[in-house]
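Here the structure is laid out as structure tokens; the discussion comes afterwards.
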Amino acid sequence: MNQLFKEAKSDLPASLIVFFVAVPLCLGIALASGAPLFSGIIAGIVGGIVVGLISGSPLGVSGPAAGLAVIVFSAIATLGGSWETFLLAVVFCGVVQLIAGFLKLGFVAYYFPSSVIKGMLTGIGLLIILKQIPHAVGYDKDYEGNESFLQADGQNTFSELLNILNFLTPGAILVTVVSLFILILWDIVLSKKSKIFGVINGPMVAVLVGILLNYLFQNGLLPFTLSATQVVNIPVASTVSDFIGQFTTPDFSQITNPDVYIIGFVMAIVASIETLLCVEATDKLDPQKRITPTNRELKAQGIGNIISGLIGGLPLTQVIVRSSANITFGGKTKLSAILHGVFLLVSAILIPRVLNMIPLATLASILFIVGYKLAKPSLFKHMKSLGSEQFAPFIITVIAILLTDLLKGISIGFVVAIFFLLRNNYMNPFHHISKEEWKDKKHEIILSEEVSFLNKGSIQNMLNNVPENATVIIDATKSKSIHYDVIEIIQDFLIHAKTIGVTVETKGLNLK
């Protein structure tokens with residue numbers, strides 16, 4: 001227990017920032033999913049407390065994910081609009097993830113290329129900035145946390161930016177300017193002046209000032225206003241029974257409904273992929289470069305989804321926006337994620353009206369800082385210096401995420417990375433030494449340690465270009481594994497060589 005609280009002085013302020021960021025995201029994702037608003041808060045609470053306690057991720061934060069919103073929306077419709085039946089699918093989703101953890105399927109995370117993961121983080125950073133600009137100026141038609149390029153209203157990420165020119169709100173702009181001033185001043189100047197400015201950090205001050213400005217607006221002390229859509233809007237329960245009534249249980253009478261299992265399985269696949277991607281990305285952002293046990297993470301997510309489904313919450317994953325906010329503002333251990341869940345629970349019970357005073361413009365300002373730190377210009381320069389093999393998957397992942405959504409963007413980047421991998425396999429399965437000074441042209445082909453079926457094309461192409469009457473030495477003494485398809489190509493070449501006067505010598509090669 002002492003280990004859990006060893007970095008409390010860093011984790012406590014970071015957890016408060018993650019909490020402030022999580023509130024509108026939880027509500028916005030619930031709204032976009034066509035689910036009860038409080039279901040997003042429930043998922044945030046479970047993701048923080050339950051998953052946080054079980055997970056081995058030191059900095060990852062779990063909760064409802066924007067990437068699942070479309071799936072949830074269509075799933076509820078498929079199940080006849082029954083929220084209780086959908087909750088049963090969430091429970092099954094958790095069961096599938098729990099089984100996947102015990103089957104040790106978390107190894108999949110280790111096969112995500114680094115260039116794609118860095119592209120994902122950069123793309124998300126730019127996406128955060130673009131999606132928060134409307135909230136920063138008071139145009140709040142779109143929900144918090146939407147990560148898709150195309151919107152349900154026919155707009156897209158960039159057309160929304162043009163629309164805001166017609167909906168500028170002076171009060172929101174004032175809040176944004178003041179909040180950004182506080183955040184930048186804290187980050188660049190005050191945090192270096194005294195340790196006290198590390199404990200009382202900039203985002204907390206920005207939130208308090210945002211609440212104060214909103215209070216001054218409401219009481220006519222400043223000539224501006226903020227509408228209900230421009231502030232946090234957490235459901236307010238007037239009594240204990242009203243609060244408890246916001247929790248819902250699954251409809252177990254639908255346990256024989258096949259759609260429940262199909263939807264649950266699909267959600268488990270998508271949620272697991274998002275989680276594993278986030279785990280890999282969060283570990284790369286971790287200043288201490290700790291490694292999250294992925295199988296344990298799948299188990300933690302599974303248990304979290306089972307509990308979330310049983311009490312009326314949305315499906316959850318580990319999420320990069322909250323995780324990166326946790327890292328950006330100084331989180332050191334899993335205590336930060338756990339405390340953010342505790343704060344969600346306590347605030348939903350005790351101070352929903354205070355939370356509903358927080359301007360979305362303040363939270364947008366905090367997320368601007370998170371987005372910038374994920375997508376610093378220096379990162380583009382560094383990736384460019386590594387060459388096209390690293391830069392192409394990186395930049396294509398960034399662009400694809402901005403123009404589609406998170407999973408599609410990563411998939412496109414992954415395909416590009418695989419292309420470069422296949423190209424390298426095609427080009428580098430052997431070392432070819434041609435001694436042109438020899439009258440009969442002697443060619444020495446030294447095969448690599450691992451020669452797979454992916455190398456068929458390059459080896460076949462090289463053997464096809466051996467000149468007539470040459471001498472060829474095929475050296476496999478360094479090879480540990482040669483795929484049968486390559487063996488077959490060499491066997492065929494031995495037969496063909498006799499017809500063109502080529503002498504072939506093999507070393508360390510078993511052609512039987």
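By the count of neighbouring beta-carbon atoms within 10 Å, fewest first, Asp286, Asp11 end up ordered Asp286, Asp11. Here's the picture: a label point sits 7 Å out from the Cα of Phe252 along the beta-carbon direction, and within region 76-93 the residues with their amide nitrogen under 19 Å of it are 83-93.
Quick one: which of Lys456/Lys507; Lys193/Lys284; Lys193/Lys384; Lys384/Lys480 span more than 24 angstrom between C-alpha atoms?
Lys193/Lys284; Lys193/Lys384; Lys384/Lys480
Take every Cα pair under 8 Å whose residues are at least 6 apart in sequence, average their separation, divide by the length of region 378-426, and the relative contact order is 30 percent. With respect to the chain, whose longest principal axis is taken over its alpha-carbon atoms, helix 360-374 is tilted by about 20°.
Its relative contact order, with pairs defined as Cα atoms under 8 Å and 6+ residues apart, puts the chain at 28 percent. Loop-located trypsin sites (Lys or Arg not before Pro) across region 151-229 with a Cβ neighbour count of 11 or fewer within 10 Å are Lys195, with loop assigned by DSSP.
For Val108 and Lys376, a Förster radius of 35 Å and the Cβ-Cβ distance give a FRET efficiency of 0.75, rounded to the nearest 0.05.
Not counting the cut sites, what is the longest span of the chain without chymotrypsin sites (Phe, Trp or Tyr not before Pro) that DSSP labels loop and that have at most 12 other Cβ atoms within 10 Å? By the stated rule (loop sites, at most 12 other Cβ atoms within 10 Å), 6-437. A simple spin-label model places pseudo-atoms 7 Å from Cα toward Cβ; at Tyr215 and Leu511 they are separated by 8.8 nm. Take the Cα of Ser191, go 7 Å toward its beta carbon, and the backbone nitrogen atoms of region 376-399 under 20 Å from that spot belong to 376-380. For the chain, find the longest principal axis of its Cα atoms and tell me its angle to the long axis of helix 8-32, 0 to 90°, nearest 10. It works out to around 90 degrees. Working from Cα positions, state the angle (0 to 90°, nearest 10) between the long axis of helix 83-102 and the longest principal axis of the chain. Between helix and principal axis, roughly 40 degrees.
The stretch between Ile99 and Leu422 holds 113.0 nm of extra length on full extension. This uses 0.36 nm per residue minus the Cα-Cα distance.
Once the GluC sites (Glu not before Pro) in DSSP loops with at most 16 neighbouring Cβ atoms within 10 Å are cut out of the chain, the longest remaining piece is 1-435.
Within the chain, DSSP assigns beta bridges of which about 50% are antiparallel (rounded to the nearest 5). Shape class for region 1-148: rounded, because the ratio a/c of the largest to smallest gyration tensor axis (alpha-carbon atoms, square roots of eigenvalues) is under 1.5. Of the residues Lys332, Lys507, the one with the fewest other Cβ atoms within 10 Å heads the list, and the complete ranking is Lys507, Lys332.
Taking other C-beta atoms within 10 angstrom as a stand-in for reagent exposure, Val240, Val72, Val116, Val416 fall in the order Val240, Val416, Val72, Val116, fewest first. Between the C-alpha center of region 178-237 and that of region 22-55 there is a gap of 23 Å.
Sparsely packed loop sites in region 68-142 (the trypsin sites (Lys or Arg not before Pro) outside DSSP H, G, I, E and B with at most 14 other Cβ atoms within 10 Å) comprise Lys104, Lys141.
Highest first, please rank the peptides 302-309, 253-260 by the mean number of other Cβ atoms sitting within 10 Å of their residues.
Values: 302-309: 26.6, 253-260: 14.0.
The packing order, highest mean first, is 302-309, 253-260.
Every read-out reported here was derived from the displayed coordinates using simple, explicitly stated rules and does not represent laboratory data. Computed from a predicted model, the values in this text were never measured in an experiment. Glycine also receives a Cβ, built like all others from the backbone with ideal geometry; neighbour counts cover every protein chain displayed.
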